[in-house]
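See below for the structure under consideration.
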Amino acid sequence: MVLPLALDLHWCDDEITSISPRFADADEQSVSFSAHAKEIESALERYINGQRPQWPDLPLHMTDLTDFQRVTLDATKAIPQGATRTYGELAADIGSSGGAQAVGRVMATNPFPIIYPCHRVLGSNGKLVGFSAKDGLKMKQYLLRLEGALL
C-alpha cells in the first residue's frame with residue numbers, strides 16, 4: 001500500500017533524534033529497516049485510515065530537551081485526535097498562563113511532530129499558524145482534516 005504521508009526517521013546511535021513528516025511521492029514505497037520502522041509504518045497506516053495510531057514506544061532522543069519543552073510536548077499528547085487547542089490554552093494547561101509565545105517556540109522546534117501532535121495547536125484566533133514540518137501549513141491543514149478537526 002502506498003501511503004500519502006511519509007515519516008523520515010533521523011537516527012543517532014540507537015535513538016531517533018527527529019521525525020520529519022512529509023507528503024509521500026505517488027510511487028514511493030516504504031522501506032522498513034528496523035522493527036521500530038515497521039511499527040511506525042503500521043501506526044501511520046492506522047492514522048491515515050482514521051483510526052487511533054497507537055504510536056509505538058520509540059527510543060526518542062529527549063535528553064537535549066528542557067523540562068519546559070518536555071512538559072509542553074507531553075501536553076500535546078493530551079489533545080484528543082480531532083480536537084485542537086490554542087497556544088494560550090496549552091500554556092494554561094501546563095500552568096504557564098501568559099506563556100503562549102514560549103509554547104509556540106516549543107511547537108516550532110518539536111523534533112517529533114505527529115508523535116507529539118503540535119499540528120493540533122492553533123493561533124489565538126483559531127487560525128492555522130506555523131508548522132515546522134515540510135510543507136508547513138499545507139501539512140498542518142492536511143493532518144487536521146485527516147483527523148476531522150477541519151472540514
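Worth a mention:
- Scanning region 128-138 for residues that are under 21 Å from Trp11 (Cα atoms) and either surrounded by fewer than 17 Cβ atoms within 10 Å (Cβ to Cβ) or modelled with pLDDT of 95 or more (or both) turns up just one, Lys134.
- When residues of region 95-127 are limited to those that are under 17 Å from Thr84 (Cβ atoms) and of a type in the set (S, T, N, Q), the one surrounded by the most Cβ atoms within 10 Å (Cβ to Cβ): Asn110
- In region 102-128, the qualifying residues are those that are in contact with a Lys or Arg (Cβ under 7 Å, 6 or more places away or on another chain) and in a helix (DSSP H, G or I), and the one that is farthest from Ala6 (Cα to Cα) is Arg120.
- Selection status of Arg145, of a type in the set (Lys, Arg) and either assigned to a loop (DSSP other than H, G, I, E, B) or within 24 Å of Cys12 (Cα to Cα) (or both): no
- Condition met for Ala83 (assigned to a helix (DSSP H, G or I) and either among the aliphatic types (A, V, I, L, M) or touching a His at 6+ places or on another chain (Cβ under 7 Å) (or both)): no
- Phe131 fulfils the conditions (1) touching a strand residue (DSSP E or B) at 6+ places or on another chain (Cβ under 7 Å); (2) outside any helix (DSSP H, G or I) except for a single criterion, (1).
- Tabulated pairs, region 101-125, first basic (Lys, Arg), second surrounded by 23 or more Cβ atoms within 10 Å (Cβ to Cβ), C-beta under 8 angstrom, 6+ apart or interchain: Arg120/Thr76
- Annotation note: of Arg70, Arg22, the sole residue that is of a type in the set (D, E, K, R), under 28 Å from Asn125 (Cα atoms), modelled with pLDDT under 95 and out of contact with any Ser or Thr (no Cβ under 9 Å at 6 or more places or on another chain) is Arg22.
- Of the numbered criteria (1) under 20 Å from Arg145 (Cβ atoms); (2) not in a helix (DSSP H, G or I), the one Arg46 fails is (2).
The values are calculated or read from the model by the stated rules, or taken from the named source; none is laboratory data. For clarity, every value in this text was computed on a predicted model and none was experimentally measured. We place every Cβ from the backbone using ideal geometry, glycine too, and count neighbours over all the protein chains shown.
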